[in-house]
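Trainee: If you scroll down you'll find the structure; I have some questions about it.
Values in this text are rule-based calculations from the coordinates and carry no lab data. Keep in mind that this is a model prediction, so the values were computed, not measured. When we count neighbours, we look across all protein chains shown, and the Cβ atoms used for this are built from the backbone with ideal geometry, even at glycine.
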Amino acid sequence: MKIDQLRTFQKVALTGSFTQAARELFLTQPAVSQQIRALENTYGVSLFNRQGRHIALTHEGKILFSKTNSLLAELRDIKKVFEDISALDIGKIDIASTAVFSTYFLPVVMGEFIKRYPGIELELHTGNSYNVISQLLEGRTDFGFGGFVKTEPDIKFHLIHQEPYVFVAGSAHPLAERHQVAVDDLKAYPFIWREHGTLVRRKMEEMLGGAQSSIIFRNIIEVQNVETVKRLVERGVGVTIIPEVAVKRELTAGWLKQITLTGLDLKASYYVLHQAKRPLSLHAKKFLFLLPETLSLSHEKGFRAIASDD
């Protein structure tokens, strides 16, 4: 059944005339008759009793007519839904992100997006880079932000930003009086780590000599939240290496002290991740293209690659 056939049937039933229906629909009478026959053939029933110039609905015709208004209304609703989606009036975006990126980069983007597209729902799932990849592969999210932790043929990675790491201690920590320290100087102090699987942890291990690097420290504290890392360091419990964006406020306020660590030349690389065989929706692209508008990112050319993916 086609929408045009249903509309034509409704008009014939209401006017009681093929001729009048054709006139009001701006169709020829043969075209109206053809649409009614096609509808009758689809269901194998007669919809009208034809008696000369007079027509009347059959029992089957009355059944169809009783449902015509609701059917046409539902079809109009479906059309409106898709029009609204195309116009970005409604919809939902599921995003996966690592903790640092979701905490220090995404809030300003999400705020601007909701301001521009208030009818679109956003859902943010936070985890480490492996979690982000898993959620994408399982089809639970539209795209993600994370690090390049492993080659995954079904996932595309687009580099969008590199953030420098800094070494920090609490303002009252013994090392806070120094301008520069070496890795050997850290052996006497507890070190605050993020959990395995995080970009921060992996980068720290790379710089300090691999996964066994923890043996150089007197004590290790492992936590799963970057804010907890900062609070522990502020209280003088230990020291850490952390993306600069995560401690800008604390450094400005004087709660933490940045100290030059000899040999520390690391950057956190952040990527947009999405399924290689699943085109990004219009909603997703609108969100992603807001990033270079609202953030200062080091690799904006990554967004040009995203635009050309489809």
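Trainee: Calculate log10 I(q)/I(0) of the chain for q = 0.15, 0.16 Å⁻¹, where I(q) comes from the Debye formula with a single equal point scatterer on each Cα and nothing for solvent.
Mentor: -1.10, -1.17
Trainee: Using only Cα atoms and rounding to the nearest 10 degrees, what angle (0 to 90) does helix 29-43 make with the longest principal axis of the chain?
Mentor: Around 70 degrees separate the two axes.
Trainee: Further question: Once the piece of chain linking residue 43 and residue 70 is laid out straight, how much longer is it, given 0.36 nm per residue of separation minus the C-alpha distance between them? Before the final figure, lay out each step's value.
Mentor: Working: separation 27, 0.36 × 27 = 9.72 nm, distance 1.86 nm.
Between residue 43 and residue 70, full extension yields 7.9 nm more.
Trainee: Between residue 89 and residue 253, what is the label-point separation in nm under the 7 Å Cα-to-beta-carbon projection?
Mentor: Once both label points are built, they end up 4.4 nm from each other.
Trainee: Excluding the sites themselves, what is the longest stretch of the chain that contains no trypsin sites (Lys or Arg not before Pro) in a DSSP loop with at most 10 other C-beta atoms within 10 Å?
Mentor: Values: sites that count: 53, 150, 277.
No qualifying site falls inside 151-276, the longest such stretch.
Trainee: Still on this structure, I have one more. In what order do 77, 89 fall by count of nearby beta-carbon atoms within 10 Å, going from fewest to most? Can you show the working numbers first?
Mentor: Numbers: 77 9, 89 14.
Taking fewest neighbouring Cβ atoms as first place, the list is 77, 89.
Trainee: Mind listing the long-range amide H neighbours of residue 268? Cut-off is under 5 Å, sequence gap 5 or more, other chains count too, H placed in the peptide plane at 1.01 Å from N.
Mentor: Answer set, sorted by chain and number: 163, 165.
Trainee: From Cα pairs below 8 angstrom and at least 6 apart in sequence, can you work out the relative contact order of the chain, rounded to a whole percent?
Mentor: Details: 479 pairs, mean separation 63.4, N = 310.
Once divided by the residue count of the chain, the mean separation gives 20 percent.
Trainee: Efficiency by 1/(1 + (r/R0)^6): what FRET value for residue 298 and residue 172, r their Cβ-Cβ distance, R0 = 41 Å, to the nearest 0.05?
Mentor: Working from the Cβ atoms, E equals 0.75.
Trainee: Calculate the dipole size of the chain relative to its Cα centre from +1 charges on Lys and Arg beta carbons and -1 charges on Asp and Glu beta carbons; express the result in debye to the nearest 20. List each step's numbers first, then the result.
Mentor: Values: 38 positive and 34 negative charges, 203 e Å.
Using Cβ point charges on Lys, Arg, Asp and Glu, the chain gives about 980 debye.
Trainee: Let me ask something else. Quick check: the angle from helix 59-86's long axis to the longest principal axis of the chain, C-alpha only, nearest 10 degrees?
Mentor: Orientation of helix 59-86: about 30 degrees from the principal axis.
Trainee: What value, in deg cm²/dmol to 500, does the helix sum -39500 (n - 2.57) over DSSP H runs of n ≥ 4 give at 222 nm once divided by the residues of the chain? Kindly include the intermediate steps, with their values, before the conclusion.
Mentor: Working: 13 runs with 133 residues, N = 310.
Per the formula, -12500 deg cm²/dmol.
Trainee: Could you check the spin-label model distance between residue 59 and residue 227? Points 7 Å from the Cα along Cα→Cβ, value in nm.
Mentor: Result for the modelled spin labels: 6.9 nm.
Trainee: Measuring from label point to label point, each 7 Å out along Cα→Cβ, what is the residue 125 to residue 188 span in nm?
Mentor: Inter-label distance under the simple model: 4.7 nm.
Trainee: Filter 150/230; 156/277; 150/267; 248/285; 156/286 down to the pairs with a C-alpha to C-alpha distance above 21 Å, please. Before the final figure, lay out the partial values.
Mentor: Numbers: 150/230 28 Å; 156/277 9 Å; 150/267 17 Å; 248/285 29 Å; 156/286 18 Å.
Correct reply: 150/230; 248/285.
Trainee: Something else: Using alpha carbons only, how many degrees (0 to 90, rounded to 10) separate the axis of helix 106-116 from the longest principal axis of the chain?
Mentor: 30 degrees
Trainee: Please list, by residue number, every one of the chymotrypsin sites (Phe, Trp or Tyr not before Pro) in the range 1-92 that is coil in DSSP and has at most 11 other beta-carbon atoms within 10 Å.
Mentor: Values: sites: 9, 18, 26, 43, 48, 65, 82; in loops: 26.
Of the chymotrypsin sites (Phe, Trp or Tyr not before Pro), the ones in loops of the range 1-92 whose Cβ has at most 11 other Cβ atoms within 10 Å are 26.
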